[in-house]
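To start, the structure itself, in structure tokens.
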Amino acid sequence: MVPELEKMLQSHKNIVFFGGAGVSTESGIPDFRSVDGLYHQKFKYPPETMLSHSFYESHTAEFFDFYRQKLIVHGARPNAAHLRLAKLEQQGKVRAVVTQNIDGLHQAAGSRNVFELHGSTLRNFCTRCGKFYPVSFIEEAGKSGDGIPRCTDCGAIVKPDVVLYEEGLDEATLDGAIQAIHAADLLIVGGTSLAVYPAAGLLRYFRGSDLVVINKQPTPADSMASLVLNLPIGEALREEK
């Protein structure tokens, strides 16, 4: 619990949270850019290549093998940050959560108005007929044949609803996030290095009075912030009992 932050949470009525991988690391989901993150592990191809649309098209089986190993997570539960944000939404304080994460933990905690900029591993669709499939379908496909999930109705590939490199963000999601950030009087940026664009560029739409940055490492937004907390996100947002 941070007294300065708690005062801001009480005094503002239109709060938006903008979060990144650091929000989920406390739930046991590794991020991409830390020392132990995905980008520092050794693979046949760079992770940026293996998570690109062109690699998905040209090396489909390898893409799904890597995707199953590194992007699908098991047993992760919402942490103190997810739970506090959901509670603040229920109290009418937090109006929206804008996230770069693809794990669905904000919704699992109870948040309802969530803009998932990079999609979600929990949603998977046939590329031809649009039939929905749960994440378990992608996992099961890896146990037989070439490992490529194919629609049980039309036979086309079932693709995760995750934004790959070289793909654009969903326009409706992006527009919703921009509108929420623009209308906010308090914007809390947490668990993100603000290194991934275009997502990080959304901060320029903020017109409110207070910006709070919660991140273990410095960010480009620190100089503009009313409050900077170099703390784990769960520690900063945890309520005092």
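The values are calculated or read from the model by the stated rules, or taken from the named source; none is laboratory data. Treat the numbers as computed from the prediction; the structure is a model and nothing was measured. Positions of Cβ are backbone-derived with ideal geometry, glycine not excepted, and every protein chain shown enters the neighbour counts. When the accessible area is computed, the model is the full protein with side chains, heavy atoms only, and any ligands, DNA or RNA have been set aside. Shrake-Rupley method; radii C 1.70, N 1.55, O 1.52, S 1.80 Å.
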Next on the checklist: Below 8 Å, C-alpha to C-alpha, sequence gap of six or more: please give me the relative contact order for the chain in percent.
Outcome noted: 24 percent
Next on the checklist: Show me the ranking of peptides 58-67, 91-100 by mean Cβ neighbours inside 10 Å, starting with the highest.
Outcome noted: 91-100, 58-67
Checklist entry - Mind checking the angle between helix 60-70 and the chain's longest principal axis? C-alpha axes, 0 to 90 degrees, to the nearest 10. => result 40 degrees
Item to check | Label-point separation in nm, PHE43 to GLU140, each point 7 Å along Cα→Cβ | outcome: 2.5 nm
Item to check | 10 Å beta-carbon shell around PHE55, net charge (K/R +1, D/E -1) | outcome: -4
Checklist entry - Using 7 Å Cα-to-Cβ label points, what is the CYS129/SER54 separation (nm, one decimal)? => result 3.3 nm
Checklist entry - Between the helical axis of 80-90 and the dominant principal axis of the chain, each derived from Cα atoms, what acute angle in degrees is found, rounded to the nearest 10? => result 70 degrees
Item to check | Area accessible to solvent at GLU139, 1.4 Å probe radius, in Å² | outcome: 50 Å²
Checklist entry - Lysine pairs in the chain with alpha-carbon atoms under 13 Å apart, 8 or more places apart or on different chains: how many are there? => result 4
Item to check | Which of ARG238, ARG123, ARG128, ARG84 is most accessible, then next, and so on - probe 1.4 Å | outcome: ARG128, ARG238, ARG123, ARG84
Checklist outcome for this item: Rounded to a whole %, the carbon-and-sulfur portion of the accessible area of the chain at a 1.4 Å probe is 51 percent
Item to check | Probe 1.4 Å, accessible area per residue of the chain, Å² | outcome: 49 Å²
Checklist entry - Among the DSSP beta bridges whose two residues both lie in the chain, what percent are antiparallel, rounded to the nearest 5? => result 25 percent
Checklist entry - Hey, what did the stretch 36-167 get for relative contact order, percent, Cα under 8 Å, at least 6 apart? => result 24 percent
Checklist outcome for this item: For VAL196 and MET1, extending 7 Å from Cα along the Cα-Cβ vector and measuring point to point gives, in nm, a value of 3.3 nm
Checklist entry - Given H placed 1.01 Å from N in the peptide plane, which residues other than close sequence neighbours of PHE18 have an amide H under 5 Å from its amide H? => result VAL98, ILE188, VAL189, GLY190
